1. Among the residues of segment A:250-277, which ones are part of a loop (DSSP other than H, G, I, E, B), small (G, A, S) and at pLDDT 80 or above?
2. Restricting to segment C:283-304, name every residue that is in contact with a helix residue (DSSP H, G or I) (Cβ under 6 Å, 6 or more places away or on another chain) and of a type in the set (S, T, N, Q).
3. If we keep just the residues of segment A:254-291 that are within 18 Å of B:V268 (Cβ to Cβ), under 15 Å from the mean Cα position of the chain (by Cα) and surrounded by 24 or more Cβ atoms within 10 Å (Cβ to Cβ), which is farthest from the other protein chains (Cβ to nearest Cβ)?
4. Confirm whether B:F114 is surrounded by fewer than 16 Cβ atoms within 10 Å (Cβ to Cβ) and touching a residue at least 40 places away in the same chain (Cβ under 8 Å).
5. Need at least 3 residues that are surrounded by fewer than 17 Cβ atoms within 10 Å (Cβ to Cβ), charged (D, E, K, R) and at pLDDT 85 or above per element, so show me which helices (runs of 4 or more DSSP H) inside segment C:40-132 make the cut, counting only ones lying wholly within it.
6. Kindly establish whether B:L182 is away from every other protein chain (no Cβ under 14 Å), within 14 Å of B:L110 (Cα to Cα) and surrounded by fewer than 20 Cβ atoms within 10 Å (Cβ to Cβ).
7. Being more than 7 Å from chain C (Cβ to nearest Cβ) and at pLDDT 90 or above is the filter; apply it to segment B:219-236 and report the residue that is surrounded by the fewest Cβ atoms within 10 Å (Cβ to Cβ).
8. Just checking, how many residues over segment A:138-150 are more than 7 Å from every other protein chain (Cβ to nearest Cβ) and either of a type in the set (G, A, S) or touching a helix residue (DSSP H, G or I) at 6+ places or on another chain (Cβ under 6 Å) (or both)?
Amino acid sequence: MADATQTGPASVAQPGLLRRAFAAMHLPLGDPFAIAGIVIYLVFIVVAIFAPSIATHDPTEILFTSDFMLAADLRPGEEGYIMGTTTLGRDVFSQLVWGSRSALIIGLMAAFMVALIGTIVGVVAGYFGGWLDTIMMRLADIAFGIPFLPFVIVLAAFLEPSIWNVVLAMALVLWRDTGRVIRSQTLTLRNRVYVEAARVSGSSDLKIILRHIVPNILPLSFLYGSIAIGWAILTEASISFLGFGDPESISWGYMLQDAFASQALSKGAYYWFVPPGVLIILIVSAGFFISRGYEKILFPKLDR
Amino acid sequence: MGTATAIGARLAQTLFVLWAVVTILFFLFRLMPGSPLAAYIDPNFTPEQQEALLARFGLDQPLWKQYFIYLGNLLQGDLGESFFYRTPVAERVFELLPNTLILTFSSLILAYIFGVLAGAYLAWKRGGAVEQIAIPLVLTTRAMPEFWLGMLLLAVFSFSFGWFPAGGTRPPCMEFESTIALYTSSAFWWHMTLPVLTLAIYSQGLPLLLMRSNMLDVMREDFVTMARIKGLSPFTVVIRHAARNALLPVMTSFAIAVGYQIQGNVVVETIFSWPGLGRELVRAVSAADYPLAQGAFLMIAVVVILMNLVADLLYAALDPRVTRG
Amino acid sequence: MTDTLLSLRELRIGYSVGKNEVTAVDGASFDVAPGSVVGLVGESGCGKTTLARALTRVLASNARITGGQAIFGGTDIMALSEREMNRLRWRDIAFIPQSAMNSLDPVYTVGNQLREVLVKRGRLGRAAARDRMVELFEWVGIEPGRLGDYPHQFSGGMRQRVAIALALALDPKLIIADEPVTALDVIVQRQILDQLKDLRDRLGISVILVTHDISVVAYICDRVVVMYAGKVVESGPMAATLTDPAHPYTMGLRNAFPDLAGAAGELVPIHGAPPNLMFPPPGCRFAARCPFAQTRCAGAVPSLKDLGAEHLAACHRIEERDALRAEALKAATWADMRGAA
């Protein structure tokens, strides 16, 4: 265990577990766009955590005006609703705030799954080679042949519609890019001198993988994970928009579906359907900026 | 490896993936909760009638037998019968495929023409103020949900200004003698404008960014410098040498983009009530019309897989270093 | 010499590196006579390639011509507008690059690239271009049937011949060849050099041959210009300069290379590295590596002195050159410099 409090003349302060984990992520802190992306994420995370206190209303509650009429299609500011209300009399602002929760949960979970599966498949295929490699790469070929959005739709519709199933469906297809890249990276690592040396000196495969391969792979996993966040959030929005989303949770995709189905377009209720899209753009571009930052670290050649 | 062997191996891989996707599809649709015929069976049916129905769709057979029947039927172009329309799925799917393809190709061609030109231009004007604005803007279009962009365009150009129709392929009152007559009518293209624009705006980022970064690479190549030393005009240097080389991977990406686009069409077709494969898939899944959903899914998958193949072959065909190696 | 094709006068070329300006070519002057081959020799980074490229006026984006003239056919090509320069390029001044592989466009056949200059720059019709292409390929010893092949289908030597054919296409008065044989093996090097010699004799074209290899100079050049750290340190007729070098750097270079034929004495390297041109030393730039350097060498910049017979050199101890030359033939002289620089 690292002892961060230990102070001695010879001891360089051992970084704590959290700091080591942080360092392992190689966050691209040198790039202004990436920093902007990280800041946007932090803001969304704060909003998501404190959603109950930030939101002015329960996002699903049907609201009434002071003269006991349904608070339907109120414009921003009317009756004190900051961003207006929906046709069903729900508070748009509160829905936006709560929507950040499902967006983050979906995005981060899908990214985690994609990175995890992709990394495991890539490392195993690349390190062990042979028939394992053949099988896994054929699986990746198949995954490339599956139309992503239709697959998620069918799976979300046939299993019960929930955030978890959407995440599962996405992970089942999206690991393919990560897997291929990590496999080829593992292939080059496997033939490095120090890996050879470890193998000759009798280290077990598991030990070599954990010691020498995975630490070098991790930034790539994060890169592909950060790309997957955006994909996942956009996909979830599409799925919810088509009506296959989790009926229990308020998401921006759901808001857009609600607006579309309630004729918000012909009513010109821009205050209703513009903000969810803008928030999606914000969080997805934040992901892009972070992944571009990663790319600049990983492939300095691309920095121009 | 000879070119012929490589192409042969690639074709074999394509067939394998096709088979695998077909198989996954078969079992995927068996995941559906409840009886697959639930939507089809009238509650007033007698048990005998229900069994007769099951037999008609081959659902009384054991699973493995169903699978082989399904494979056999597929090979004969039989995709089953739609529960909802009570007509062959293949017929319906092939009726919708052109609508989807027209939408996909028109929007992508538009996106690629714009993206390639703008990308080449941005590479040429590298480091300028245009770049500072253009690149984040392009990234933003990539971060946009396509259907939301469609909603915006609808709200502004259809509902507010009334310049474009809100959906479908033709005005409700208009009838056309044939599909050809429909496709060549101005009304059709009028209806197509907004969905094509939506998809094109979303798609132009890929060719643009790809073209730009390829151009930046190629502009540093010796042969571009040599072209300048030869006293060729700046136009010849940039277009005939730099752009021509940078274009190779962009062309290849077109095929891949078709594959991506056609699956993403699902939402945009739904927004614009465009009678295509994607919208049909959504409707069929919602209505538990699984033969139709399966057929639409399969069709989309076939396009994706074929486009992956085309991308590889195109790359080989366009790059003399691969073909004439 | 009154009959001059190209005359460089105090040409200066600078690069901007960050906020600093680096002078890569610092006041280069020499003449090129019609039909002669001038070797431009020096270590990598001495400015010879920059100088060669400057004559085409196609430089890296951070490079700038900061002074001097290059009089070609009566006009200063450094002062021409880009349009005027473009008219001159390839028709009057052609270029043979170091790596023909990278300088041929991979997506066009070599015939296509030849036709491009013939038609677009030479204003030839398609039929005339076709005849010219066949003629050019025969000149450089490639079967005309290969015009339809792509660059990657040729061997390194063959590609270099293609590059020569390209350079000859419009009958230029001057060809600048930047290390044209460096990437090739010795036998092919000889073939290519013989080819160049032959074409020079037959067509009367002048060539500026940039090379770090003094044996290549000995094989083909009529005159030699030696550059060190951005400055011309010695120039003169090839035979006189190489047999009786007047600058210690030239003496050292001669020891460091085998004869092209392979018959060589002991190879003696010059120890150390050229100075950083961002902070050039105040005196003679070679002083730190020179076995004969004296105190004054580090203090003042030596100027080029005329030794007669068009032989020039810039060294403070030029009067002692015969003694120094004898000294320079000993390996020990240079070995003592190992710790220096």
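1. Let us first name the residues in segment A:250-277 that are part of a loop (DSSP other than H, G, I, E, B), namely A:250-251, A:262-263, A:268-269.
Adding the requirement that they be small (G, A, S) leaves A:251, A:262, A:268-269.
The one that is part of a loop (DSSP other than H, G, I, E, B), small (G, A, S) and at pLDDT 80 or above: A:S251.
2. none
3. If we take residues in segment A:254-291 being within 18 Å of B:V268 (Cβ to Cβ), under 15 Å from the mean Cα position of the chain (by Cα) and surrounded by 24 or more Cβ atoms within 10 Å (Cβ to Cβ), then A:I280 is farthest from the other protein chains (Cβ to nearest Cβ).
4. Numbers: surrounded by fewer than 16 Cβ atoms within 10 Å (Cβ to Cβ): no; touching a residue at least 40 places away in the same chain (Cβ under 8 Å): yes.
It is false that B:F114 is surrounded by fewer than 16 Cβ atoms within 10 Å (Cβ to Cβ) and touching a residue at least 40 places away in the same chain (Cβ under 8 Å).
5. Numbers: elements: C:48-54, C:82-88, C:100-103, C:110-116.
Here the list reads C:82-88.
6. Working: away from every other protein chain (no Cβ under 14 Å): yes; within 14 Å of B:L110 (Cα to Cα): no; surrounded by fewer than 20 Cβ atoms within 10 Å (Cβ to Cβ): yes.
Against the criterion (away from every other protein chain (no Cβ under 14 Å), within 14 Å of B:L110 (Cα to Cα) and surrounded by fewer than 20 Cβ atoms within 10 Å (Cβ to Cβ)), B:L182 does not qualify.
7. Quick first cut of segment B:219-236, residues more than 7 Å from chain C (Cβ to nearest Cβ) only: B:219-220, B:224, B:227, B:233-235.
Narrowing further to those that are at pLDDT 90 or above: B:224, B:227.
Numbers: B:V224: 19, B:A227: 25.
So the residue we want is B:V224.
8. 2
The values are calculated or read from the model by the stated rules, or taken from the named source; none is laboratory data. All values reported here derive from a predicted model rather than from experimental measurement. Every residue, glycine among them, receives a Cβ derived from its backbone with ideal geometry; neighbour counts consider all protein chains shown.
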